[in-house]
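The values are calculated or read from the model by the stated rules, or taken from the named source; none is laboratory data. Computed from a predicted structure; not experimentally measured. Glycine also receives a Cβ, built like all others from the backbone with ideal geometry; neighbour counts cover every protein chain displayed. Keep in mind that these areas ignore ligands, DNA and RNA; they rest on the heavy atoms of the full protein, side chains included. Shrake-Rupley method; radii C 1.70, N 1.55, O 1.52, S 1.80 Å.
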Amino acid sequence: MRDGWKNLPDALTCLDGTVITDRNQWQRKRRPEILEMFYRLEYGRIPEEEIQVTVRLTDVSESPDIMAGNALRKTVEVEAKRKERYFSFPFVVFVPKKTGKAPVFITICNRGVQDSDPSRDFLSSFWPAETIVSRGYAAAVFRTQEVAPDYDEGFTTGFHRLFPEYGGRGNDRPANLYGAISAWSWAVSRIIDYIETDPDLDEKRIAVAGHSRGGKTALWTAARDPRVAMTAASCAGNSGDALSRDSRGEKIEDITGKFPYWFCPAYKTFSGREEELPFDQHMLLGLIAPRLLYTSARTRDDWADPESQFYSLLQAEKVYNLYGKTGLREDSLQKPEHPLAGEATGHHLKTGSHDLDEYDWNCYLNFADQKLI
């Protein structure tokens with residue numbers, strides 16, 4: 001164990017010193033306390049009560065050219081309105097042709113159309129929609145760039161247009177105002193809103209998957225939206241599944257220096273002060289308990305700190321234990337291509353660099369086949 005991990009804040013000890021010993025205490029006292037800290041100090045809060053949302057199905061297509069006739073393609077538009085300002089984004093979902101409601105994997109795509117192509121002219125192992133559908137799951141996807149820009153443009157475009165009072169360079173945002181990760185996460189919740197209305201989709205078996213910043217978004221979505229039944233986070237790293245304390249890769253100073261717009265402004269104040277955070281990322285993972293959680297890492301992804309990712313998951317299992325869920329039964333990072341699974345948590349390390357591919361997806365789907373029931 002690294003020295004910096006010996007002083008991790010305890011997920012089960014409240015700010016007032018109360019020690020949590022059962023799931024009811026956790027749900028009533030400690031969980032809301034931790035969630036509020038992440039809202040206030042890392043990801044920020046969206047004034048959702050000010051936004052009116054309309055979700056509508058705009059197209060249903062079926063032909064031999066769509067996944068060899070094995071799926072329906074549904075296109076959906078989400079429109080948001082605030083004070084006479086509008087914003088909208090599309091997403092697509094491929095639904096396997098079978099009887100009964102299909103469980104759904106929502107993929108947060110932080111790449112371009114070549115990795116999330118609804119026409120399927122481009123096929124990519126980053127989002128192997130055909131594989132997902134062939135395994136009996138609906139495959140939904142949206143592109144983060146169509147919700148909020150993944151560059152520092154002064155908080156003026158995409159979803160941010162709804163809040164012009166915070167836009168423009170040099171305009172200081174409130175310390176706990178949302179960043180792009182929360183905007184992308186908001187979009188995932190709107191997709192879930194649609195799933196709850198679609199008779200072809202199973203609203204009780206929704207999985208959310210993402211890679212890198214998409215993995216961070218998947219974890220934050222599951223932490224705050226209890227409708228997510230399973231989370232799959234690939235290489236989420238710093239400010240995702242890796243611990244901030246004693247990082248041997250990316251640090252808060254690095255990530256908020258390059259990507260300040262991902263987070264609320266308060267988070268940057270902890271640059272070089274990780275030990276002063278009243279939480280760490282294992283507590284984010286703990287917020288997902290007792291629902292399914294699978295994380296994955298890469299052997300050469302030093303910036304994400306694979307050892308820290310794994311240890312963070314082990315620490316989160318203290319919360320899962322409150323629900324009677326046994327963990328991975330391992331106390332150190334295992335060899336590559338050796339997936340581990342507990343009752344509700346899973347993890348694998350894959351040979352390679354920062355990426356998401358079909359090996360990872362097959363591990364996620366195998367885990368879901370066994371547990372997302």
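Before we move on, is Arg161 surrounded by fewer than 24 Cβ atoms within 10 Å (Cβ to Cβ), in a helix (DSSP H, G or I), more than 14 Å from the chain's Cα centre (by Cα) and among the charged types (D, E, K, R)?
yes
Taking region 165-182, which residues are in a helix (DSSP H, G or I) and either among the basic types (Lys, Arg) or under 19 Å from the mean Cα position of the chain (by Cα) (or both)?
Correct list: Ala180, Ile181, Ser182.
Just to verify a result, which residue in region 191-205, among those that are in a loop (DSSP other than H, G, I, E, B) and in contact with a strand residue (DSSP E or B) (Cβ under 9 Å, 6 or more places away or on another chain), is least open to solvent (accessible area, probe 1.4 Å)?
Among those residues, the one meeting the criterion is Asp198.
Please enumerate the residues belonging to region 343-357 that are part of a loop (DSSP other than H, G, I, E, B) and polar (S, T, N, Q).
Thr351, Ser353, listed by residue number.
Check whether at least one residue in region 302-312 is more than 24 Å from Ser247 (Cα to Cα), touching a residue at least 12 places away in the same chain (Cβ under 8 Å) and either in a loop (DSSP other than H, G, I, E, B) or open to solvent by 70 Å² or more (accessible area, probe 1.4 Å) (or both), and report yes or no.
Among the residues of region 302-312, not one is more than 24 Å from Ser247 (Cα to Cα), touching a residue at least 12 places away in the same chain (Cβ under 8 Å) and either in a loop (DSSP other than H, G, I, E, B) or open to solvent by 70 Å² or more (accessible area, probe 1.4 Å) (or both), which makes the answer no.
Taking the condition of being outside any helix (DSSP H, G or I), open to solvent by 10 Å² or more (accessible area, probe 1.4 Å) and farther than 22 Å from Val93 by Cα, how many residues in region 213-251 meet it?
5
Which residue, of Lys81, Lys74, is crowded, with 20+ Cβ neighbours inside 10 Å, in contact with a Phe, Trp or Tyr (Cβ under 9 Å, 6 or more places away or on another chain) and charged (D, E, K, R)?
Exactly one residue qualifies, and that residue is Lys74.
Based on what the data block shows, is Thr54 open to solvent by 60 Å² or more (accessible area, probe 1.4 Å) and either farther than 30 Å from Val92 by Cβ or not in a strand (DSSP E or B) (or both)?
No; evaluated as a whole, the condition is false for this residue.
Has region 254-263 got any residue that is without any contact (Cβ under 8 Å) to a residue 40 or more places away in the chain, out of contact with any His (no Cβ under 6 Å at 6 or more places or on another chain) and of a type in the set (A, V, I, L, M)?
Scanning region 254-263, I find at least one residue that is without any contact (Cβ under 8 Å) to a residue 40 or more places away in the chain, out of contact with any His (no Cβ under 6 Å at 6 or more places or on another chain) and of a type in the set (A, V, I, L, M), so the answer is yes.
Select from region 108-127 the residues that are out of contact with any strand residue (DSSP E or B) (no Cβ under 6 Å at 6 or more places or on another chain), under 12 Å from Arg143 (Cα atoms) and assigned to a loop (DSSP other than H, G, I, E, B) and list them in ascending order.
Of everything in region 108-127, those that are out of contact with any strand residue (DSSP E or B) (no Cβ under 6 Å at 6 or more places or on another chain), under 12 Å from Arg143 (Cα atoms) and assigned to a loop (DSSP other than H, G, I, E, B) turn out to be Asn110, Arg111, Gly112, Asp117.
Within region 128-158, count every residue that is free of Cβ contacts under 8 Å to residues at least 60 places away in the same chain, at negative phi, in contact with a Pro (Cβ under 8 Å, 6 or more places away or on another chain) and not in a strand (DSSP E or B).
3
Just checking, which of Ala138, Ala68 is of a type in the set (A, V, I, L, M, F, W, C) and surrounded by 14 or more Cβ atoms within 10 Å (Cβ to Cβ)?
Result of the check over Ala138, Ala68: Ala138.
Just wondering, is there one or more residues in region 320-327 that are out of contact with any Lys or Arg (no Cβ under 7 Å at 6 or more places or on another chain), of a type outside the set (Ser, Thr, Tyr), touching a residue at least 60 places away in the same chain (Cβ under 8 Å) and at negative phi?
Checked against the condition, which is being out of contact with any Lys or Arg (no Cβ under 7 Å at 6 or more places or on another chain), of a type outside the set (Ser, Thr, Tyr), touching a residue at least 60 places away in the same chain (Cβ under 8 Å) and at negative phi, region 320-327 yields no hits at all.
Within region 340-373, count every residue that is among the aliphatic types (A, V, I, L, M), farther than 18 Å from Asp302 by Cα and in contact with a Phe, Trp or Tyr (Cβ under 8 Å, 6 or more places away or on another chain).
4
Looking at Arg2, Arg31, Arg23, Arg40, can you tell me which residue is modelled with pLDDT of 95 or more and over 23 Å from the mean Cα position of the chain (by Cα)?
The unique qualifying residue is Arg23.
Any idea which of (1) at pLDDT 95 or above; (2) over 22 Å from Gly215 (Cα atoms); (3) assigned to a loop (DSSP other than H, G, I, E, B) is the one Glu77 doesn't satisfy?
(3)
Within the group Val208, Val188, which residue is assigned to a helix (DSSP H, G or I) and in contact with a helix residue (DSSP H, G or I) (Cβ under 6 Å, 6 or more places away or on another chain)?
Val188
Could you check region 12-49 and list, in sequence order, the residues that are assigned to a helix (DSSP H, G or I) and free of Cβ contacts under 8 Å to residues at least 40 places away in the same chain?
The answer is Asn24, Gln25, Gln27, Arg28, Lys29, Arg30, Pro32, Glu33, Glu36, Glu49.
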